[in-house]
Structure formats: C-alpha cells, structure tokens
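Undergrad: Quick one: the structure is below, questions incoming.
The values are calculated or read from the model by the stated rules, or taken from the named source; none is laboratory data. Note that the coordinates shown come from a computational prediction; the quantities given were computed from them, not determined experimentally. Because the Cβ atoms are built from the backbone with ideal geometry, glycine has one as well, and the counts that use them run over all protein chains shown. Protein only, heavy atoms only, side chains kept; ligands, DNA and RNA dropped before computing areas. Shrake-Rupley method; radii C 1.70, N 1.55, O 1.52, S 1.80 Å.
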Amino acid sequence: MSSWKSLVLRIGEKCPEYGGITDSKDHIETCFGVVRRELEHSGMDILTFLLQCAEQLPHKIPLYATLVGLLNLENEDFARKVVENTYTNLQDALDSGNCNSIRIWMRFLTAMMCSKVVQPNSLVFAYEALLSSAATTVDEEKGNPAWQACADFYITCVLSCLPWGGAELVEQVPDDIQSVMSGVQGYFSLRRRVSDSGFSVFKDADDTENALDEKDFLEDLWGWIQDLSNRGWKLDSVPRPHLSFEAQLVAGKSHDLAQISCPKPPDPPAVLSAVACGKQKHEAELKYPRRIRRLDIFPTSKMEDIQPIDRFVVEEYLLDVLLYLNGCRKECASYMVGLPVTFRYEYLMAETIFSQLLFLPHPPFKPMYYTLVIIDLCKSLPGAFPAVVAGAVRALFDKIDDLDMECRTRLILWFSHHLSNFQFVWPWEEWAFVLDLPKWAPQRVFVQEVLEREVRLSYWDKVKQSIENAPALEELLPPKGVPNFKYGGEGGRDGTEHALSSELSGMVKGRQTVREIISWMEESVIPAHGFEITLSVIVQTLLDIGSKSFTHLITVLERYGQVIARICPDQDKQVMLIDEVSSYWKNSAQLTAITIDRMMGYRLISNMAIVRWVFSPVNFELFHTSDRLWEILRNAVNKTYNRICDLRKEISTLKKGVVSAEEAATKAKAELEGAESQLTLMDGEPVLGENPVRLKRLKARAEKTKEEEVSARESLEAKEALLARALDENEALFLSLFKNFSTVMTERLDDAFRDGALQQPSQADEMAIDLEDTSAMELDKENAKPEKSHSNGGSAGNGYKVGEKEQWCLSTLGCVKALTRQYASEIWLYMEKLDAEALSGDAHPLFRKAVYSGLRRPLNGS
C-alpha cells in the first residue's frame, strides 16, 4: 500500500481519542501534506479511496471531512468532485433503498458542511427533501401509511446527522435549522407510534397491553436531540477536528449540493384489507429495518455517566464497525476498542453486541460472527471485557424465563461455543441451584441445553471434568452418545429378529445389490414377520452400519436409501421410520437431528411426516423440557424454505440468461437478414451479393442462438414449475404446522390461562401470576454477579412458581411466535388461507395472538 493510502486509512489512529499520544491536528496536517503532493498524479485514485474510507470507516468521518476541507483550500475542483460523487452515491442509495449508505453519506455531507466544503443551505435542502417525503408517505390521502417504516427511517437519518453538525447549522443558518426541527415535530403529529410487539427480546416488554402508551425509539431519539439542542449541541462522543483548522477553513469555497429526490412508496393496495396492508407493512419493515433494540441488561450505574445522545452515537459507531468490517474480525475488534470517545464504554459495547446477537427477527449477520468478535474482544481487553461478558451472561440467565424462545436458543448456542474457546471454564457452582428447580424451569433447561451443546463441541468426559466444582450438575449432562441398537450382541431382542439383522448386515458387507436386498425383504421377511418387525430390522441395522461416522451414514443412505424408500413410501410409514431413528439415537440429540435431516435431504422422509411425528402425543409432551424436538422441526422448515430460496435465485439467474439469449438471437437474426437483403438478380435468378461463406456462417449462428434461447426458456419453465410445486408444498407444510399447534394447544391453554392470566399450580383459584411481571435485578458492582435473584427461582429455597402445564403453554406459545416471525415473508403469502383454516373457529385467542405477534399484525385484523 502506498504511503498516502496508509495515511488516509489510518488517519486519527494515533490521536488521544484513539488511545494514542499524537495530536489529531498534527496527524491531519501530515496526511494533508502527503495527499496534496499526490493530487496531481493520483487525483482519481485519491478521490475513490477517500470516499471508500469515509463509507466503510464512518466513525472517522469528521477526520475525512476535515481533510477534504483542507484540500478544498488548495484544489477547489477536487473538493467539488468529492461533493458531486457523494451526492451521486446518496441518490443511488435512495433509489435502491440502501439504508446504510443513505445514513453514512448524509453524515459525510453534514461533516463536510462543518469543514466549509458544502453550503449549509444545500444541506438543509437535503434534510427538507427527506422530511417532505416522510410526511407525504404517512399522509393517508396522499401517501401510503403502510410504508411508515421508510418515513421513520428518513426522519432517523436527519436526526442522526445533527450530533455531527447541529452546532454549525445553528450558527450559520439558525432559521433554516429551526424550520427543520419544526418539520420533524410536525411529522410526529402525522405518524403512528410503533410498538416493538413481536420483536422484543423480553416478554415483559412484548406483551404489555399499554405498549403503545410508551415512547418508541424515534420519539426517544427526537427527545435526545432536543436535549442536545438545549445544551448548546455539546457532546463527548463526536470529535470536532475541524475546529483546530477553523481559521484556515473559513477561507475555502463552499460547494452547492444538487437537490436530492426520494422515491415514492408503492401505491396502497387496491382493496384495503388487514392482510393486504399487513403484507405491505411487512415489506416496508424488511426494506427499512430498525438498527438496534436495546437490551438494558446492565444496571444504570454501569453507564450513568453516559448521556443518552452519547450512547446513541457510540451505538452508531459500534454498529458501523460491525457492519463494514464483518469480513475482518480482528480489525473489527481493534476498531471497536479504539472509538473516538473520552469515556469508558465496555458495558455499552457488550450490550450492543448482545443486542445484535439476539436481534429479532434475524441478526444482521450470522451468530458465529458475533461469537468471534466477542472472543477477540476478550483477548484484546483481557482485564476488562471477559468480566463484562460474564456479567451479561448472568444478567440474561437471571431473566431467562422472560427471554424470547428464539433468543433463548441463540443464547444457548452462543454461550456453549464461547465456553468451548475458553477451556469450558465457568463457575458452574453459581448455577447448581437449578437442580432444585422442576425439570421444566427455564433456568434448569438452559443449563441442561448448554451442557448438551458443549458435549457436541467436545466430548462427554471433558465436559464432565469442566463441572467438577458442581459435580451434582452431572445429572443434567446428556447420556453418552452411544447407539441404542436393538439387535446388537447378546443384548438383542428376539432371536429371530437378531438373526434377520445379522443376515442383512452380512448382505451389506457382501456388497449385495439394492435389488437383491429389496427382493429378500419383500419375499422372505415381510411375509414371515410382518411390516413392523421388517421396518425395525432394516432401519436399525442400516443405521448401525452407518453409525461409525457421518461419512458412514451418508454412504449407507446413498447406497441403500432405496431400500428404506421402498419400505416407507407414505407418511404413515415415514413417521414409523422417524420413530426408529429416534429410538436408535435416543442417547444423542445431535445424531438424531442429523440423521433425520439427511434422510429428508435424500427424500426418504417428507417435511409433513416430520411435523406429524413432532406432534405425536409421546413427543409434544416434551416441548417445554428440551430443545430436541424443536431442533428437528426447525431443520425441516428451514430446509423447505432454503429450497424455495435456491429456486428463486436460480430463476432470477435464468431470467437474465433468457434476456441475454433473446438479445443474441435478435442480433444474429438481424445480421442474417441484412446479409440476405443484399441478394441481387442476374438473368432473373437471385445471386449472392455477399460472401457465401459468411452467409452460411451467419445462418449457423442464427440457428445456434435461437436454439440457445429455446433451451434457456425451457430451463426457466422447468424451474418455475419446480418453484410452483415447492410453494404448494410449503403452503401445505405451514397449514399442517399451524393446525397441529392449534389442536394440541387449545385444551391446555384453557386449563392454564384464566382471564388472560397464568395460574399458579398451588393457588390457582386464589391468585394469578401476571404475565408481564418482571422482578428487579441488581448486579454487584465489581463482577456483575446477581445480588437478587429473579422470581423464577434464583436459589434452592425459592422454587419455581409456574406449574408444568403452564410452562408447557408458555414455551409452546413462544415457539409458535418464533417460527411465525422467522418465516413471516412466506406465511404472509398464505395468510388468507391460514386465517380461514387454522386461525379461526376453534383456535384459542392466545394461539392466534402468538401468530399475529410474530407477524406484527394487530389482533383485531381479519
């Protein structure tokens, strides 16, 4: 990397704000001197690289804007190009709906205004364009209120720019900025308050009946900006390097910014119905999502010195670093610990990362990314961050029964993986009290599931060794994952069945063909021993042959899957097949899930059979005590969904191929017709005016391109047919899923809930536990250990106050909401049919509420 690139990239990293000792003014001057000398030879390269750095390292935007301001003094044309390119990038982002780019380029323009590069009036015009678009969108007569998410995002963009330039705007164009503030105030009279219902990490915030009486995030941000304005726009989290060069920058020429235009929202649905408007609202929220939902898991004493607006700015920094450095985890950790702020923010950093890990409906990146970032931060700040992470875990554990079911699963997966990177070290004795809780208590289930996941990542004896400080917790360890082979050794069942298993094993080892094995099965085994024994022998024996490793399992399924398919051709028999798999691997939840998933991949088991098996009476009784069944169900739905996504991507690619093929065929045909038009007549006979060889070549090319066009169209039609079939299967899957949920829950919900309140098992007729009740939590100042336990039983003496049937209902409702939320885009496609067949009539109101909550659909919607 050339010296000027290195200086631009690393600008400010030796400043006191970044933990260094070099003054920011000296660093900027050094960078400016080198870049100024290179402008003549590498002007375009510098322009491109500078904009790239401003976009991907947005926490340094004030530094880059100051650098542009200094360059503006020497080369106005270069600064003008920076402004023009920034405008072009902003307009492209607006047209495409790229939220992150819109936000960053607006911030960069604001910072350049502070450095006298952009005219303040031009910047205000950009703010007003966003304000006008937002106000029009939420207007019921002129716009489409279903797209309020877009309007709210535009207002958020305007407000989030003001910490970087509010002081300068008030100084230079006070009337204009006051007009902007009035416009924002007016917008709040038009919009509807947004509830986090369905997307809240904790149930107490999600299920509150008066949620709409509380301020939403945008209203909070507006309040923080007003407080900042009242304090003279002074804050600690935004560096202001341009002030060191103010005497010089004032001589620079400020450039006008072209007027931006915001795309119009889609038209409202032709027929205004709850479903039609709900679909549009969902689409808008997908395109313009919220960036963060705060967890507030640490006591206020940990962040009491941080002003709300400073907290917002630091969260912006952290989220930007996570976003733009997601492919460089070590660089990401390095920048996160070196933000340009004057206060400590370890607790805020941990809470922000956990808020992203647990973000609903989907985290911005795969959970593995946050795992790696947390690991690197623990290594970068060994004296501080591990204790903060431990405090976060304890805080979340203390509130585990209020945690959304999907978030609970993510927390289990993250925590087990995190511990596997630190020798599984954890003070398990703190949580030994869970053994005194009933088996369905969320804290006990959490510890049980973490240990089970640890065993997957290591081995049983290693995990047992890690809990030696709390040896009683061995009770919660999963069984050693050995197969439960019915016909193994002398422990086999009936002698005849044992002999059949041995015979089949010999046939497999003898490399007999699938046809021979099927013939043996149909002619010798089924007539003599019946279907059930035959199925058990075949499945158990083949699974045992494939039990040595994942590769062995795949090999067995590839070679002898046709045998299983022959004996299990329909759903009823496939349910029996899954029973045999579950029985064989009853000591290993992981291998049960893997085997069923692979069998579904080879189409030996259908997704509908898996749903039927999960909801069989012997299984759904376990919904609240283990993740085993939920994992299998999630895998089945996810595999179906992924197949549809793959088909959509393939169809998109094929459509582009068809367009290219059409263009090539049209061009080839035009060239051929042009050549043929040059035929001339001699003695009444046509004579080639063109080279006969060239004409022949053009004919061949025209025929070939036409064939390619036809082939591309046929491929597209075939994929579209597959997609149509897959969508039909998906519709049937979700209908079956929700019907099964409704069937198994209706009676239990009636027993567990009365007048919307959860009944205590011991005093059901006298007292109800309010679903929204959440106990206070206080943390020790030094190590963040709980001082006061949560009401779910923080010690052996407290016990857990929710009965088993009540907990079953809570857990199952939570999983209904999680599944609905995760696949909301697909479920909205079938909403009318789901309403008619699964959510009306006998469906329990609380079940319907869980589904609607996952879709963020009002309960009174039809």
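Undergrad: Sticking with the crude label model, points 7 Å out along Cα→Cβ, report the distance from GLU171 to ALA472 in nm, one decimal please.
TA: Modelled inter-label distance: 6.6 nm.
Undergrad: Would you kindly derive the ³J(HN,Hα) couplings of the range 449-464 from the backbone phi angles with the Karplus curve 6.51 cos²θ - 1.76 cosθ + 1.60 (θ = phi - 60°), listing them in order in whole Hz, with x for Gly and Pro?
TA: For the range 449-464, the Karplus curve yields 6, 4, 5, 5, 5, 4, 4, 4, 8, 9, 8, 4, 5, 5, 5, 4 Hz.
Undergrad: I would also like to ask the following. Using just the alpha carbons, could you tell me how many Å³ per residue the convex hull of the range 298-393 encloses?
TA: Convex hull of Cα atoms, per residue: 100 Å³.
Undergrad: Which of the listed residues, PHE753, SER160, CYS568, is farthest toward the dipole's positive end in the chain, when Lys, Arg count +1 and Asp, Glu count -1 at the beta-carbon?
TA: CYS568
Undergrad: Quick one: of LYS281/LYS366; LYS81/LYS116; LYS739/LYS849; LYS203/LYS849, which pairs are farther than 19 Å apart, Cα to Cα?
TA: Long pairs (Cα-Cα over 19 Å): LYS281/LYS366.
Undergrad: Rounded to the nearest whole Å², what accessible area per residue is found for the chain with the 1.4 Å probe?
TA: Spelled out: the 1.4 Å probe surface of the chain, per residue, equals 45 Å².
Undergrad: ASN98 to GLU74: extension gain in nm, 0.36 nm per residue of separation minus the Cα-Cα distance?
TA: Extra length from ASN98 to GLU74 when fully extended: 5.3 nm.
Undergrad: Which entries in the list LYS586/LYS639; LYS215/LYS287; LYS264/LYS287 go over 18 Å, if you measure between the two C-alpha atoms of each?
TA: Beyond 18 Å between Cα atoms: LYS586/LYS639; LYS215/LYS287.
Undergrad: Continuing with the same structure: Which log10 I(q)/I(0) values, to two decimals, does the chain give at q = 0.05, 0.09 Å⁻¹ under the Debye formula with one point per Cα?
TA: Each listed q maps to, in turn, -0.38, -1.08.
Undergrad: Same structure again: Could you give the size of the charge dipole of the range 277-390 about its Cα centre, using +1 on the Cβ of each K and R and -1 on the Cβ of each D and E, expressed in debye and rounded to the nearest 20?
TA: 420 debye
Undergrad: Given +1 on the Cβ of Lys and Arg, -1 on the Cβ of Asp and Glu, and no further charges, what dipole in debye does the chain carry about its Cα centre, rounded to the nearest 20?
TA: In total the dipole reaches around 1980 debye.
Undergrad: Beyond 20 Å, how much of the Cα-Cα pair distribution for the range 134-277 remains, as a whole percent?
TA: 62 percent
Undergrad: Over the range 72-162, what portion of Cα pair distances is larger than 20 Å, expressed as a whole percent?
TA: 38 percent
Undergrad: To continue, here is another question. Go ahead and run the numbers for FRET between SER549 and LEU272, Cβ-Cβ distance against an R0 of 45 Å, rounding to 0.05.
TA: Efficiency at R0 = 45 Å is approximately 0.20.
Undergrad: Along the Cα-to-C-beta direction of GLU729, a point sits 7 Å from the Cα; which residues of the range 578-621 have their amide N less than 19 Å from that point?
TA: 578, 594-614
Undergrad: Going toward the positive end of the dipole of the range 1-112, with +1 on Lys and Arg Cβ and -1 on Asp and Glu Cβ, which of CYS31, ALA79, GLY12 do you reach last?
TA: Farthest along the dipole direction, towards plus: GLY12.
Undergrad: While we're on this one: In 5 Å bins starting at 0, how do the alpha-carbon pair distances of the range 1-148 split up by percent?
TA: Answer for the range 1-148: a P(r) of 2, 9, 17, 20, 18, 12, 9, 5, 4, 3, 1, 0 percent.
Undergrad: Going toward the positive end of the dipole of the chain, with +1 on Lys and Arg Cβ and -1 on Asp and Glu Cβ, which of ILE651, LEU360, VAL313 do you reach last?
TA: Of the listed residues, the answer is ILE651.
Undergrad: Scan the range 422-499 for GluC sites (Glu not before Pro) in coil per DSSP, keeping those whose Cβ has at most 12 other Cβ atoms within 10 Å, and list them by number.
TA: GLU468
Undergrad: For q = 0.17, 0.19 Å⁻¹, what log10 I(q)/I(0) does the range 534-688 give under the Debye formula with an equal point scatterer on each alpha carbon and no solvent?
TA: Treating every Cα as an identical point scatterer, log10 I(q)/I(0) equals -0.98, -1.13.
Undergrad: Using amide H atoms built 1.01 Å from N in the peptide plane, name the residues 5+ places from HIS255, or on other chains, whose amide H lies under 5 Å from its own.
TA: So HIS255 has HN proximity to VAL118, GLN119.
Undergrad: Defining a contact as two alpha carbons under 8 Å apart and six or more residues distant in sequence, what relative contact order in percent does the range 266-405 show?
TA: 27 percent
Undergrad: Using 1/(1 + (r/R0)^6) with R0 = 45 angstrom and r between the beta carbons of GLU38 and ALA384, what's the FRET efficiency to the nearest 0.05?
TA: 0.65
Undergrad: Let me ask you something else. When 1/r is averaged over all different Cα pairs and the result inverted, which Kirkwood radius in Å belongs to the range 488-611?
TA: 14.5 Å
Undergrad: Taking the alpha-carbon set of the range 408-544, what are its Rg and Dmax in Å?
TA: 21.8, 61
Undergrad: Short version: ³J(HN,Hα) in whole Hz for each residue of the range 600-614, in order, from phi by Karplus 6.51 cos²θ - 1.76 cosθ + 1.60 (θ = phi - 60°), x for Gly and Pro, what are they?
TA: Whole-Hz 3J(HN,Hα) from phi for the range 600-614: 5, x, 8, 6, 8, 10, 8, 5, 5, 5, 5, 4, 4, 5, 4.
Undergrad: While we're here: Can you work out ³J(HN,Hα) from phi for every residue in the range 280-294, in order, using Karplus 6.51 cos²θ - 1.76 cosθ + 1.60 and θ = phi - 60°, giving whole Hz and x for Gly and Pro?
TA: Each residue of the range 280-294 in turn: 5, 4, 5, 4, 5, 5, 5, 7, 10, x, 5, 7, 8, 10, 5 Hz.
Undergrad: Using the Cα centre as the reference, give the magnitude of the dipole from point charges on the C-beta atoms of the range 65-205 (Lys, Arg: +1; Asp, Glu: -1; all else neutral), rounded to the nearest 20 debye.
TA: 360 debye
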